[in-house]
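**Q** Just dropping this structure here.
The values are calculated or read from the model by the stated rules, or taken from the named source; none is laboratory data. No experiment lies behind these values; they were computed from the predicted model shown. Heads up, the Cβs are rebuilt from the backbone with ideal geometry, glycines too, and the neighbour counts pull from every protein chain shown.
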Amino acid sequence: MTTLDATLPARGRVGAATRSFLAIVERDLLVIRREAPSFLVQTLVQPLFFLFVFGKVLTGIGSATPSFGTILLPGIVAFTCFLTPLQAVSIDLGRDLGFTHEIDDRLLAPLPNVLVALEKFGLAALRGLIAGACVFPLAYLVLGSGYHVRTDLIAEVAGMMVLTALLGAAIGMLVGAAVPITQIGLIFSLLITPLLFTGCTYYPWSTLGGLRWFQVVTLFNPLTYAAEGLRHAMLPPIAGHPIETLPMGWVLLVLCGSLVVITGIGLRLFQRRVVS
Amino acid sequence: MTAAIEVEHLVKRYPRGRANAVDDMSFAVRRGETFGLLGPNGAGKTTAIGILTTRVLPTSGRAAVAGIDVVADPIAAKQRIGVVPQTSNLDRSLRVREILTFHAAYHGVSRRERQARADALLEELGLAARGKDKLDWFSGGLQQRVMLGRALMHEPDVLFLDEPTNNLDPQSRLFLWDRIRALHERGVTVVLTTHDMEEADRLCDRIAIMDHGRILALDTPEGLRRLIPGGTMLEVRTRLPQAVPAGAPAGEEPVEAALAALPGVTAVERRPGSGTDAAAVYRLYATGDAGQLLASAAQAVVREEAELLDLRFARPSLEDVFIHLTGSNLRA
């Protein structure tokens, strides 16, 4: 063992913080790789059943129009991208800050605490992206001839998925930092179910015209904008008519705006939890 | 050379706290010193460590590690410190060896160097065969070892151990004490908190006795003992002459009276005798020259025609010191 009393050379803060950040990313990538099988099963069972029941069964028995599977898919991608990081960050963070304190070793690494949070946030978003991307082949298998996705707006699809995953991670960080772990279950049922069902994941926003008050309610849910954005980027024109969605300008504005605000609050709460 | 730790008028008041958790605390730790913060639960030890390890922001005052202000420059401070917390915070997603190597990676240690250090530390801590293990079935003692190894991976200037042997089995405790002594010999500055008097006494060069967020006394273990008035304690074991009943009330019993009358003796205490030999044990508290006292006590016993069985100096324990300083027992 080398001498322990040697003083560490004074390093540049930025260099040290960068090395530290990259090492933490490396740690998370290792853990993601290791947990990949169980992670994928865990995140893909729900979209699988949604696609099967809504896209295949309901259309098969005539309870839904044949194109319903196509309309549904962007919503499924949106909620998978959204929910996966939300759950990953909030449960992880809640547990870490609440009782396991496994994050402490990273908080004692030579980098600002905020970067530890942002790393967690970014890697969770990555998980969301992976899960969301896996929905496509899954849908292709389940929906078969009912699988229609336009391929000319791939960049837009990717961009919307990234935004959606980041937004999910941001809300996850907010919940994880604000809610004691013992209450997480309660918060999930109070938060996630309403978010999912008012988020225009199972229906295009424009079709809600007959239910005006509900159409207005959905506008307060950021998931609505994610689903509508993905619908815009993914849906081919049906019977010659392009699907009507919320204007993309609004979609981007609301998604980016809520991302900044929620991340800001989440980081502040995190900081308050880790330094008293 | 700057001190390993400098703390000046440090105060921490939690928003909802009724009193200051740390209340105007000042001390300095020299490089290479093993320094103990001793006190009951709630004395402010963990908060003090929290401030020094950048996890708690002080309300006022200054704290520096290796000359670096921990509030102004937490990143540089974090490079200099290693921390072993009270309870395990090990990264359970990783295997034992990875816990060590990733920690070193967070601290910018090169890949080759961290492999070498991990090998050496695992070996030293008796974990060489467990590097690939998951933590699932690790006992508290083993987890403690992993945490110690982890804290040493980036070769910190100052190692903080918060209640290191709390909840450890006796064997793990002895193991840890050995490790701490070995670190001391290598010149690592160690700061440990404890409410275990024996631990502080055995390991520390100097000890700060704390209660209610304040340092009541700070000295070497020997120096602290001298705080007890009449710093000498002499134990006299005698077999009393048959004529005097062993249970006679204090003062009426001639041996006790003779001992109490010796010059410098401030108090005599009759202690319960041990064994079945009907011996009487007296503890003398005295000031002045210890050798002189020893001689005159022996003479006094002989003069009273009692049989002298044993004479020895008793050392006041740190517990005695604590009781003397606070008027109460360790609450822990």
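**Q** Scan the range B:1-26 for residues that are more than 15 Å from residue B:191 (Cα to Cα) and of a type in the set (A, V, I, L, M, F, W, C) and jot them down.
**A** Once the filter is applied, which keeps residues that are more than 15 Å from residue B:191 (Cα to Cα) and of a type in the set (A, V, I, L, M, F, W, C), the range B:1-26 yields B:1, B:10, B:11, B:19, B:21, B:22, B:25.
**Q** Further, regarding this structure: Taking the criterion of being at pLDDT 85 or above, touching a Phe, Trp or Tyr at 6+ places or on another chain (Cβ under 6 Å) and on the phi < 0 side of the Ramachandran plot, would at least one residue in the range B:176-188 satisfy it?
**A** Among the residues of the range B:176-188, not one is at pLDDT 85 or above, touching a Phe, Trp or Tyr at 6+ places or on another chain (Cβ under 6 Å) and on the phi < 0 side of the Ramachandran plot, which makes the answer no.
**Q** Oh, and also: Could you check, for the range A:115-123, whether at least one of its residues is closer than 19 Å to residue A:75 by Cβ and surrounded by 18 or more Cβ atoms within 10 Å (Cβ to Cβ)?
**A** Within the range A:115-123, none of the residues are closer than 19 Å to residue A:75 by Cβ and surrounded by 18 or more Cβ atoms within 10 Å (Cβ to Cβ).
**Q** Any residue at all in the range B:217-230 that is part of a strand (DSSP E or B), touching a residue at least 40 places away in the same chain (Cβ under 8 Å) and out of contact with any His (no Cβ under 9 Å at 6 or more places or on another chain)?
**A** yes
**Q** Looking at A:182, A:164, A:198, can you tell me which residue is among the hydroxyl-bearing types (Ser, Thr, Tyr), closer than 30 Å to residue A:97 by Cβ and surrounded by fewer than 16 Cβ atoms within 10 Å (Cβ to Cβ)?
**A** It is A:182.
**Q** Looking only at the range B:64-84, count how many residues are closer than 17 Å to residue B:193 by Cα and in contact with a helix residue (DSSP H, G or I) (Cβ under 7 Å, 6 or more places away or on another chain). Break it down stepwise before answering.
**A** Step one: filter the range B:64-84 for residues closer than 17 Å to residue B:193 by Cα, giving B:65, B:81-84.
This time we only want the ones that are in contact with a helix residue (DSSP H, G or I) (Cβ under 7 Å, 6 or more places away or on another chain), so: B:65, B:82-84.
Total satisfying the criteria: 4.
**Q** Is there any pair linking a residue in the range A:32-46 that is over 15 Å from residue A:76 (Cβ atoms) to one that is at pLDDT below 90 and surrounded by 12 or more Cβ atoms within 10 Å (Cβ to Cβ), with Cβ under 8 Å and at least six apart or on different chains, and which?
**A** Close Cβ pairs (under 8 Å, with a partner that is at pLDDT below 90 and surrounded by 12 or more Cβ atoms within 10 Å (Cβ to Cβ)) amount to A:32/A:39.
**Q** Among what's in the range B:144-161 and is charged (D, E, K, R) and within 11 Å of another protein chain (Cβ to nearest Cβ), pick the residue that is surrounded by the fewest Cβ atoms within 10 Å (Cβ to Cβ).
**A** Within the range B:144-161, the subset charged (D, E, K, R) is B:145, B:150, B:155, B:157.
Right, trim to within 11 Å of another protein chain (Cβ to nearest Cβ) and you get B:150, B:155, B:157.
On the way: B:150: 26, B:155: 22, B:157: 24.
Among residues in the range B:144-161 that are charged (D, E, K, R) and within 11 Å of another protein chain (Cβ to nearest Cβ), the one surrounded by the fewest Cβ atoms within 10 Å (Cβ to Cβ) is B:155.
**Q** Taking the range B:78-94 as the search range and keeping residues that are more than 7 Å from chain A (Cβ to nearest Cβ) and not in a loop (DSSP other than H, G, I, E, B), which one is farthest from residue A:111 (Cα to Cα)?
**A** Checking each candidate, the answer is B:84.
**Q** Counting just the residues of the range B:95-117 that are more than 7 Å from chain A (Cβ to nearest Cβ) and assigned to a loop (DSSP other than H, G, I, E, B), which one comes out surrounded by the fewest Cβ atoms within 10 Å (Cβ to Cβ)?
**A** B:110
**Q** Which residues, taken from the range B:118-128, are surrounded by 21 or more Cβ atoms within 10 Å (Cβ to Cβ) and facing chain A (nearest Cβ under 10 Å)?
**A** B:121
**Q** Turning to a different aspect of this structure: Would a scan of the range B:302-316 turn up a residue that is at pLDDT below 85, buried (at least 17 other Cβ atoms within 10 Å of the Cβ) and within 28 Å of residue B:27 (Cβ to Cβ)?
**A** yes
**Q** Run down B:134, B:78 and say which single residue is closer than 15 Å to residue A:20 by Cβ and in the same structural domain as residue B:32 (by TED's automatic domain parsing).
**A** Checking each option against the conditions leaves just B:78.
**Q** If you don't mind, another one. Tell me the residue from B:63, B:4, B:72, B:43 that is within 27 Å of residue A:114 (Cα to Cα) and buried (at least 21 other Cβ atoms within 10 Å of the Cβ), please.
**A** B:63
**Q** Go through the range A:90-133 and report how many residues are touching a Lys or Arg at 6+ places or on another chain (Cβ under 6 Å) and of a type in the set (Val, Ile, Thr).
**A** Total meeting the criteria: 1.
**Q** Quick check, is residue A:93 surrounded by 17 or more Cβ atoms within 10 Å (Cβ to Cβ), closer than 15 Å to residue A:274 by Cβ and in contact with a Ser or Thr (Cβ under 7 Å, 6 or more places away or on another chain)?
**A** So residue A:93 does not fit the description; no.
**Q** Before we move on, is residue A:72 touching a Gly at 6+ places or on another chain (Cβ under 8 Å), hydrophobic (A, V, I, L, M, F, W, C), assigned to a helix (DSSP H, G or I) and away from chain B (no Cβ under 14 Å)? Steps first, please.
**A** Numbers: touching a Gly at 6+ places or on another chain (Cβ under 8 Å): yes; hydrophobic (A, V, I, L, M, F, W, C): yes; assigned to a helix (DSSP H, G or I): yes; away from chain B (no Cβ under 14 Å): yes.
Taking the combined requirement at face value, the residue satisfies it.
**Q** Which residue out of B:17, B:50 is free of Cβ contacts under 8 Å to residues at least 40 places away in the same chain, closer than 25 Å to residue B:198 by Cα and either in the same structural domain as residue B:161 (by TED's automatic domain parsing) or more than 19 Å from the chain's Cα centre (by Cα) (or both)?
**A** Details: B:17 fails: closer than 25 Å to residue B:198 by Cα.
On inspection, the qualifying residue turns out to be B:50.
**Q** Scan (1) within 24 Å of the chain's Cα centre (by Cα); (2) surrounded by 18 or more Cβ atoms within 10 Å (Cβ to Cβ); (3) more than 29 Å from residue B:28 (Cβ to Cβ) for the single condition residue B:164 breaks and write down its number.
**A** (3)
**Q** Further, regarding this structure: Show me the helices (runs of 4 or more DSSP H) entirely contained within the range A:85-191 in which 1 or more residues are within 21 Å of the chain's Cα centre (by Cα) and among the hydroxyl-bearing types (Ser, Thr, Tyr).
**A** Result: A:154-178.
**Q** Any residue at all in the range B:18-39 that's farther than 22 Å from residue B:207 by Cβ, surrounded by fewer than 23 Cβ atoms within 10 Å (Cβ to Cβ) and within 14 Å of chain A (Cβ to nearest Cβ)?
**A** no
**Q** If you don't mind, there's one more thing I want to ask. Just checking, does the range A:216-232 include any residue being basic (Lys, Arg) and within 14 Å of chain B (Cβ to nearest Cβ)?
**A** no
**Q** In the list A:183, A:271, which residue meets the criterion of being under 18 Å from residue A:92 (Cβ atoms) and free of Cβ contacts under 8 Å to residues at least 12 places away in the same chain?
**A** On inspection, the qualifying residue turns out to be A:183.
**Q** Test each condition in (1) within 14 Å of chain A (Cβ to nearest Cβ); (2) farther than 26 Å from residue B:107 by Cα for residue B:180 and report the one that comes out false.
**A** (2)
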